[in-house]
Amino acid sequence: MNGMTDVRTALVIGGGIAGPVVAMALQRAGISARIYEAYRGNSAAATGGMISLAPNGVSALAPIGLDDAVRGMGVPNSSIVLHSWTGKRLAEFGALPGMPPSQGVWREEMFRLLADAAVRRGIPMEHGRRFVRAEDHGDGVTAYFADGSFASADILIGADGIHSTVRPLIDPAAPEPHYTGLLGFGGRPSAACDTGLAPTDGTLHMSFGKRAFFAYQVFDDGRTSWFANLPRKEPLTGAQARAVGAQEWLRVLRAAFSDDRTPAAHILATSSPEDLIVVGAQEDLPSVPTWSRGRMVLIGDAAHATSPSSGQGASLAIESAVQLARCLRDLPLPDAFSAYEALRRPRVERIIAMAARTNSNKAAGPFGRVVRDLVMPVAMKMVKPEKAAWQFEYRIDWDAPVERSASPALAGR
């Protein structure tokens, strides 16, 4: 089915999550895509730990037939319990009635699943091709790479993340990523680090510590996965943070949680430098004014990066990739890009704003921490879980035609 589209070929810049998904969705829409990834092999995957795929994100994989594969490899997160640094339970969030749990998946495994699926379907994916610039010819676009090579197609899709090279080409005045004031760290579970903690039965425990934020989950085999957010005034890139060394960061993290009456200090004491994942500055993009220009368009974190606090980053990227493919299937340019943005912008910016509020809680100072811990239990009792359902109930009707006058209401069915 190729509808009214005038697009037959696409260049996809970025082979993380959004890139392979949009390429596979475009293939189903009758559009041929080729993926170009700057990193060689899957080295990009090593820079992150476990990510969450919300029910809406898993559902969005259904049009390309990968929803069951993610459920098969993921670890269900049935609930989240929030604690203060004293160990006091502040709130608990369970899965909404009738709603499946979120899936915790390792970034490396998710990258591999998507890349392998794309290659199996005959979609070319070239690694070690760092994109540097593009030329829009009016009837097509040419991408140029650092090695001197180039490629042309009808459109170019920037799926190259929060530090996108495509974004400033579309809009030279595009905003830079915003530092949330937090550095990210994670711990990959290994048999060598036995915490001795009881399995948490699918519950993710989060604690607002005196100096930093910590979350952990103990699997049925006793292995423990964790992540931490450390407030820091000045950002560090991933490379800068990793240059400090895992041993030093473990020392810093152990000191940050030494006064907390939660399992954080114990888990860190049993963690080894080899299992530490150093992510670096956590960033978001509150709003990107321009998502497309001519024959170039942005998806995923290049267009709408939310901080990891949302638990929706990967899910939103998948949704946008599939919705863009639908729009390109049914509409000519520039209507397809306009419809895509109308379908996506209100939803993603609402979630980004919610995550920003969560980050302010994580980085609260001494006074703010006391107020937060006093107010949160009362506030949570007043929260009706069904009010958050809009995030997770989002569904994409692949077969529904996209109209020129698309509005946010058409985004999900």
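Pick from the range 88-103 the residues that are part of a strand (DSSP E or B) and aliphatic (A, V, I, L, M): which of them is modelled with the highest pLDDT?
Ranking the qualifying residues of the range 88-103, first place goes to LEU90.
Residues are listed down the side, and each one gets a yes or a no for (1) out of contact with any Ser or Thr (no Cβ under 7 Å at 6 or more places or on another chain); (2) touching a residue at least 40 places away in the same chain (Cβ under 8 Å); (3) over 29 Å from THR203 (Cα atoms):
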| site | (1), (2), (3) |
| --- | --- |
| PHE93 | no, yes, no |
| GLU108 | yes, yes, no |
| ALA115 | yes, yes, yes |
| ALA174 | no, yes, yes |
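Quick one: which helices (runs of 4 or more DSSP H) sit completely within the range 249-360 and have at least 2 residues that are small (Gly, Ala, Ser), at pLDDT below 95 and surrounded by 19 or more Cβ atoms within 10 Å (Cβ to Cβ)?
By residue number, 313-330.
Please find, within the range 63-79, the residue that is nearest to the chain's Cα centre (by Cα) out of those that are closer than 20 Å to GLY98 by Cβ and without any contact (Cβ under 8 Å) to a residue 24 or more places away in the chain.
Checked the range 63-79; the qualifying residue nearest to the chain's Cα centre (by Cα) is ASP67.
For the range 230-261, what are the residues that are among the basic types (Lys, Arg) and closer than 14 Å to GLY280 by Cβ?
ARG232, ARG242
Take ASP194 and tell me if it is in contact (Cβ under 8 Å) with a residue 12 or more places away in the chain and in the same structural domain as GLY19 (by TED's automatic domain parsing).
Against the criterion (in contact (Cβ under 8 Å) with a residue 12 or more places away in the chain and in the same structural domain as GLY19 (by TED's automatic domain parsing)), ASP194 does not qualify.
What's the number of the only condition in (1) touching a helix residue (DSSP H, G or I) at 6+ places or on another chain (Cβ under 8 Å); (2) surrounded by 16 or more Cβ atoms within 10 Å (Cβ to Cβ); (3) over 25 Å from ARG295 (Cβ atoms) that PRO100 fails to meet?
All conditions are met except number (2).
With the structure loaded, tell me whether ALA54 is buried (at least 17 other Cβ atoms within 10 Å of the Cβ), under 19 Å from TYR216 (Cα atoms), assigned by TED's automatic domain parsing to the domain that holds ALA314 and not β-branched (Val, Ile, Thr) or whether it fails that test.
Here the answer is yes, as ALA54 does meet what is asked.
Name every residue in the range 201-226 that is aromatic (Phe, Trp, Tyr) and not in a loop (DSSP other than H, G, I, E, B), in order of residue number.
PHE208, PHE213, PHE214, TYR216, TRP226
Among the numbered criteria (1) part of a loop (DSSP other than H, G, I, E, B); (2) within 27 Å of TRP390 (Cβ to Cβ); (3) modelled with pLDDT under 90, which single criterion is violated by PRO76?
(1)
Given the condition free of Cβ contacts under 8 Å to residues at least 40 places away in the same chain and closer than 21 Å to LYS88 by Cα, answer yes or no: does some residue in the range 206-215 qualify?
Scanning the range 206-215, I find at least one residue that is free of Cβ contacts under 8 Å to residues at least 40 places away in the same chain and closer than 21 Å to LYS88 by Cα, so the answer is yes.
Looking at ASP220, ASP201, ASP284, ASP275, which one is free of Cβ contacts under 8 Å to residues at least 24 places away in the same chain and within 27 Å of GLN312 (Cα to Cα)?
Just one listed residue meets the conditions, ASP220.
If you take the residues of the range 230-248 that are among the charged types (D, E, K, R) and either assigned to a helix (DSSP H, G or I) or surrounded by fewer than 13 Cβ atoms within 10 Å (Cβ to Cβ) (or both), which of them is farthest from the chain's Cα centre (by Cα)?
GLU248
Let me confirm something: among ALA198, ALA173, which residue is part of a loop (DSSP other than H, G, I, E, B), modelled with pLDDT of 95 or more and surrounded by fewer than 18 Cβ atoms within 10 Å (Cβ to Cβ)?
From the options ALA198, ALA173, the qualifying one is ALA173.
Got at least one residue in the range 135-151 being at pLDDT 95 or above, touching a Gly at 6+ places or on another chain (Cβ under 6 Å) and either surrounded by 15 or more Cβ atoms within 10 Å (Cβ to Cβ) or farther than 20 Å from LEU276 by Cα (or both)?
Yes, the range 135-151 has at least one match.
The values are calculated or read from the model by the stated rules, or taken from the named source; none is laboratory data. As the structure is a computational prediction, the values presented were derived from the model and not from experiment. Because the Cβ atoms are built from the backbone with ideal geometry, glycine has one as well, and the counts that use them run over all protein chains shown.
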